[in-house]
Every structure is written in structure tokens, then in C-alpha cells.
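Before any comments, here is the structure.
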Amino acid sequence: MVDLSTNYLGLKLKNPLVASASPLSKKVEQVKRMEEAGVAAVVMYSLFEEQIIHESLELDHYLARGTESFAEAITYLPDAGTYSLLPDRYVANVEKLKKSVGIPIIGSLNGVSKGGWTRYARLIQDAGADALELNLYYIPTDPAVSAKELEDTQTDLVADIKSSIKIPLAVKLSPFYTSFPHFAGRLVKAGVNGLVLFNRFYQPDFDIEELSVSHSLDLSSSSELRLPLRWTALLYSRLNVDFALTGGVHSARDILKAMMAGAKVSMMTSKLLYSGLDSISNILAELQSWLEEHEYVSIQQMQGSMSQKSVAEPSAFERANYMKVLSSFKDLP
Ligand SMILES: Cc1cc2nc3c(=O)[nH]c(=O)nc-3n(C[C@H](O)[C@H](O)[C@H](O)COP(=O)(O)O)c2cc1C
């Protein structure tokens, strides 16, 4: 048997397949099933800054002014009963999952501003989480805010959270920074142990009959793998940090590509949501047999083997690739 084990955030994992943050981690039964099927670790669904602030604002409001309606002010938030769960319940769920399964559980906080809500990082740690993932999902819309200001704020937040916990910290990022490698390097200097590439942005659409903005969640396909693959390959060995690749991982081949680019783990959600949790064991079996056929002794042996530092043609990850791809187009028949 090929050794599939890998190290991520100081955790020794039995293989590189991790379930990324999604509603699949809301039920203990589902996490148990994922563990039985073979996932090496689970990132929990996120606890959002807005949920925490929402709860404390609501409490302040009731304490200060009785029980008149607070609803209008918070209509932009998702319904607490649908996607979100109250913060204390989240912390209790971390504890429950830790008691129920043996694989590492990574808590997830989702927010961008400094503030009292970040104390939940420590509460998640104290509930037993093995590591924390901070999702910096943010859409800058103010033309007055420069890239530097935004990056300073986010770096301060990361440093703040890092200094308040002892468990390892990973940061899940957007690909849309002016100089992504520079910003990633700042986060590494701030002490992060892992970078999770990338956040998937759900773009709003228009309903042209109703003149409204519509929202729908489309699951990913393997074609989305190329963006995180490129950046993992570019940054591998340039930054002293563990990379997790998320976005478009649907098969054993996708996991192999992620490993070759230099990721320590590859994360999956869409595939598990539409093919079911049984697909995990098939994917892991395929991974084993591919590695055996190709005479690898371990998965760690291939980590980074296709990174920019290792490939024969490093320019393939840069501007030269763009020109090559465009010129490869053949005229219509
Ligand atoms: C229904 C659903 C819920 C998700 N919830 C979260 C979340 O709470 N926090 C988070 O960081 N990512 C969340 N994600 C993003 C996934 O963790 C993952 O990064 C993204 O779906 C890309 O991976 P995939 O191509 O394997 O789906 C969610 C994705 C889906 C489809």
C-alpha cells in the first residue's frame, strides 16, 4: 500500500482528502459517515462575524429598549434558522463533533473586521478544535480604500486572531488581490500556518423580468481547479506555509494535481454534495491504485513535484503561458 499520509497545520493526516467548510458538518451523523468513508479531517461550516454581531446587537437592543421590532435592521442577514446557527450553538457543535469522531476537526470563522467577535476564535479552540480556518471573504466596493489599507486591516485581524489562540491557524483567501504573493507573504509573516486557496465567489445574477438581483448556488466542476492549481504551484517553496487547495477538486486525478502543485491537502465540497459521501472511498481507492501503478511509495514524495520551482518550463505559469494558449487556437474550419 502506498503511504497516503500528509502533514497539514502540524496535524498528521491519514490522507490528503479533507472535507471543506459546508453544511455537511452540521450533523454529527454526516461527519461520522465522512470519517467512515475515509476523509482525513473536516473543516466545519463557518461561524460568521455578522452572526456574532447580530446576536450581541439583538441582545443589547432588548436590554436597552424592550422587545419592539429589531427585524428591519437585520433583514440583510441570512435567517438564523436556515443557514446560520447561533454562536454558542456553534461552539457546542465543535465540542459535540470532537467527542463523536477521531479525525481532526477544524473550526471556521468567517469575517474581516477587527472586533469583539474574534474572541470566538478562542472559544472554538477551547471547545476542542484541532485548528482554525479564518475565511477572509470580502468584496471591496469603496474607491477611497486602497489595496494597502485593505491588506493592512486584514493582516492586523489575522495577527490578532493568531495571538489569541494556540492551535494552528489557516486563512482562506480570495484570489483577487493586486499582488497576491506579497499579501500571502504578509500573512505568513503574521504567523499563519496554512493558506487555503481559494474562496469561491458566488456572483449575483439579474432577473431581468422582476428587475431584481438573484442569488443561486451553483456547485463547482473540475475546470475550476486550474486557478488554485496555478497559485499553489507558483507559491510552493516560496512561502514557508502549508497550502490547502479548494475549488474544483472532484476526483483522484484532481487530488494528484493538487499534490503535485505543492498542496498538503485538497479539499472537497461540491463533489460530496452531488455524488454523496460514498464517493469518498471510491476516490481514495482510485488514488491508491494510481499511485501504485506509477510506483510511488508515498503521497509526500510527489508534493511540489509540479510546482514552478520543479517543472522544466517555469514560464508555463506566467505570462508566456497566456501567449502560448492564445496562439494554440486553430482557425474555425
Ligand atoms: C453549500 C455550501 C456551503 C458552504 N459553506 C461554506 C462556509 O460556511 N465557509 C466556507 O469557508 N466555505 C463554505 N463553502 C465553500 C466550500 O468550503 C469550498 O471552498 C467551495 O465550495 C469550493 O470547493 P468545491 O469546488 O469542492 O465545492 C460552502 C460551499 C457550499 C457549496
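The values are calculated or read from the model by the stated rules, or taken from the named source; none is laboratory data. Keep in mind that this is a model prediction, so the values were computed, not measured. No Cβ is skipped: glycine too gets one built from the backbone with ideal geometry, and neighbour counts run over all protein chains shown. With ligands, DNA and RNA removed, areas are computed over all heavy atoms of the protein, side chains included. Shrake-Rupley method; radii C 1.70, N 1.55, O 1.52, S 1.80 Å.
Within the set of other residues whose C-beta is less than 11 Å from the C-beta of R186, count the net charge using Lys and Arg as +1 and Asp and Glu as -1. Don't skip to the answer; put the middle values down first.
On the way: positive: K148, K189; negative: E151, D152, D156.
Summing Lys and Arg as +1 and Asp and Glu as -1 gives -1.
Evaluated over the stretch 107-264, the count of Lys pairs having alpha-carbon atoms less than 29 Å apart is 19 (only pairs 8 or more residues apart or interchain).
Count the DSSP beta bridges whose two residues both fall in the stretch 187-333, then state the antiparallel fraction as a percent rounded to the nearest 5. Present the calculation step by step, with values, prior to reporting the outcome.
Details: 3 of 11 bridges.
Around 25 percent antiparallel, to the nearest 5.
Straight-line reach from K98: which aspartates and glutamates fall under 20 Å, measuring Cα to Cα and dropping same-chain residues less than 8 apart? Reachable aspartates and glutamates: E29, E35, E36, D88, D126, D130, E133. Counting only aspartates and glutamates at least 8 places from K309 when in the same chain, those with an alpha carbon closer than 18 Å to its own are D242, E318. For the chain, with all protein chains in place and a probe radius of 1.4 Å, 55% of the accessible heavy-atom surface sits on carbon or sulfur.
Summarising the label geometry, the points placed 7 Å from Cα in the beta-carbon direction at F329 and N282 lie 3.6 nm from one another.
Computed 3J(HN,Hα) for the stretch 12-26, one whole-Hz value per residue from the Karplus formula 6.51 cos²θ - 1.76 cosθ + 1.60 where θ = phi - 60°, is 8, 10, 6, 7, x, 9, 10, 7, 7, 4, 5, x, 4, 8, 7, glycine and proline marked x.
Among DSSP bridges having both ends in the chain, what percentage is antiparallel? Round to the nearest 5. Counting only bridges with both partners in the chain, antiparallel ones make up about 15 percent. Label-to-label distance, S113 versus S214, with points set 7 angstrom from Cα along the beta-carbon direction: 3.2 nm.
Hand me the chymotrypsin sites (Phe, Trp or Tyr not before Pro) from the stretch 236-333 located in a DSSP loop with no more than 14 other Cβ atoms within 10 Å, in residue order please.
Details: sites: Y236, F243, Y274, W290, Y296, F317, Y322, F329; in loops: Y296, F329.
Of the chymotrypsin sites (Phe, Trp or Tyr not before Pro), the ones in loops of the stretch 236-333 whose Cβ has at most 14 other Cβ atoms within 10 Å are F329.
Computed from backbone phi with θ = phi - 60° and the Karplus coefficients 6.51, -1.76 and 1.60, the 3J(HN,Hα) list for the stretch 173-188 is 10, 8, x, 9, 10, 4, 10, 4, x, 5, 5, 4, x, 5, 5, 5 Hz; x is used for glycine and proline.
Using a 1.4 Å probe, what is the accessible area per residue for the chain, in Å²?
Per residue, the chain has an accessible area of 51 Å².
What residues have an amide H closer than 5 Å to that of L173, excluding those fewer than 5 places away on the same chain, when H is modeled at 1.01 Å from N in the peptide plane? Amide H to amide H, under 5 Å and 5 or more residues apart or across chains, L173 pairs with V196, N199. Derived scalar couplings between HN and Hα for the stretch 137-142 equal 7, 8, 10, x, 10, 8 Hz in order, rounded to whole Hz, by the Karplus curve 6.51 cos²θ - 1.76 cosθ + 1.60 (θ = phi - 60°), x for Gly and Pro. Placing R0 at 56 angstrom, the Cβ-Cβ distance between Y274 and T141 gives a FRET efficiency of 0.95 after rounding to 0.05. Computed from the Cβ-Cβ distance with R0 of 25 Å, the FRET efficiency linking T153 to K14 stands at 0.10.
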